[in-house]
Amino acid sequence: MCSIFYVEIWAYVANRRGGSYSSTMVGELQHLVDTTGRRLDRSVAIDDVQIRLLAYNSHDSAVDSVRMNSVLQRNVSREIVDFIYASGGREALDLFTVPVNEELGLTLGRVGMPIRYRNALLGFVWLLTSEGEVDEDQAEVLRRTADAAAMILHREQLLDELSRSRERELTRDVLSGERSLREDAANRLAEEGLLAAGPAVVVTVLLRPGDQSTLTERDRLSVAVGVDQLRRRLPRNSAIQLDRPDHSLLIVSVAERSTQTHLDSLIVAARERVLSESGRQNIECWVGIGEPRTSVADVRESYEESRRSADVAQVVKVLGNVVRYRDLGVYGLLAELSEDRLENSIHSGLQSLLSHEDSKSEALLATLESFLDNAGDVKRTSEALCVHRGSLYYRLRRIQEITRADLANGDDRLALHLSLKVARLLDLR
């Protein structure tokens, strides 16, 4: 089956307004299918590339459950989309047939005509095979209908891209370092109905290959598509998106309680979408969430926090894949320092343990970290590590020998504990 990824690009580029199209475009397409339907005396429908219904005419012919759901819900399942594309929809330049598939609810076959503008696929015009074969005269009518639909859909793309350019400009301004520029951009976003005024938070999404390879264009589009899915699932005009070369960010208005309630689950779903769209095995997605600010004009700091959270999460794996800035703890403070200062601050004893060539050095590091995380409690540490107390005491003595630190001394324990956090942040262990 073809990848849904290519289908989603139209949704990302040309469907930025909460999953809806302009009333002008819909009206023109409706007039087009009505006219075509009368000429052919057949049921006619137009879908976009996601097989979401844009227009259909009234006709007496029987329809199947897929068409009914398309009419009622304006979309169909991914399985149906994949089946249509696997039946030739992706490559078709002229008429093609989608066969019956009763398992998917396609109890009636379709004859499709691709809608293309300069070879870019924008959608399909459909007839039902149950109404008879399509002769050459009818095929020519369908070609002219597809050409007319292509002009309408392409114009919608251009208009939408103009609107997106304006949104990107204002989003960049609201994140700028100049206060007056941020305030003006925040006011314009509210006035133009792009983002509601009031409290807001920033979400940053990063995608990183585990093999240190560079991000591909598909990787970047995957992040953009995943974040766009998150935006479209939020209430209308409650989020704006900005895609940058190595990450995408979303400014979310959290004035409504429902937005705050559902944001976490929507972020998890968006992260999963990014990974599935990328299609790469050795790749990971990290999401950082900044702290809310009382005004859109102040979200620059939330953006910096969200970016820092995502960066730290990449290195400190114990934090998870989705990290709020307030949950960074000491890592948030340490992340504000330069790498040189951090590396120079590592306790010399821990440096000795990190560089110690011993088959048990990893076990000693894990023991030290668990011991310090459990506030020096031997019972809890032995339970956490699943080792006998005698073995634990032996490891602790060995750690003291290598580090030349006194684990009974509070200052030494604090220095080692912070150094362990720094080592994680610098990915030294």
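By the scheme Lys and Arg +1, Asp and Glu -1, what is the net charge of all other residues having a beta-carbon under 9 Å from that of Arg182? Here the charged neighbours net out to -3.
Going by Cα centres, the stretch 355-388 and the stretch 212-246 are how many Å apart? Each part reduced to its Cα centre gives a spacing of 41 Å.
Sorted fewest first by neighbouring Cβ atoms within 10 angstrom, Cys285, Cys386 come out as Cys386, Cys285. Here the simple spin-label model places points 7 Å from the Cα toward Cβ, and for Leu158 and Arg218 these points are separated by 3.2 nm.
Neighbour counts of C-beta atoms inside 10 Å place Val252, Val81 in the sequence Val81, Val252, starting with the fewest. For His417, His247, the sequence from fewest to most other C-beta atoms within 10 Å is His417, His247. Scoring 42-50, 82-90 by mean Cβ neighbours within 10 Å over their residues and listing the highest first yields 42-50, 82-90.
In summary, the aspartates and glutamates within cross-link reach of Lys360, defined as a Cα separation below 17 angstrom excluding same-chain residues under 8 places away, comprise Glu369, Glu401. Available extension along the chain between Arg188 and Val318 is 42.7 nm, counting 0.36 nm per residue and deducting the alpha carbon span. Near the amide H of Leu106, within less than 5 Å, lie the amide hydrogens of Asn101, all on another chain or at least 5 residues away, with H placed in the peptide plane. In this label model, Asp137 and Tyr394 are separated by 9.5 nm, measuring between points 7 Å along each Cα→Cβ vector. When the trypsin sites (Lys or Arg not before Pro) in the stretch 391-426 are filtered for DSSP coil states and for at most 12 other beta-carbon atoms within 10 Å of their beta-carbon, the remaining sites are Arg404. Computed extension gain for His262 through Met151, at 0.36 nm per residue and net of the alpha carbon distance, reaches 36.1 nm.
We did not get these values from a lab; they are worked out from the coordinates using the rules stated. Every value quoted in this text rests on a predicted model; they were computed, and no experiment measured them. Backbone-built Cβ (ideal geometry, glycine too); neighbour counts: all protein chains shown.
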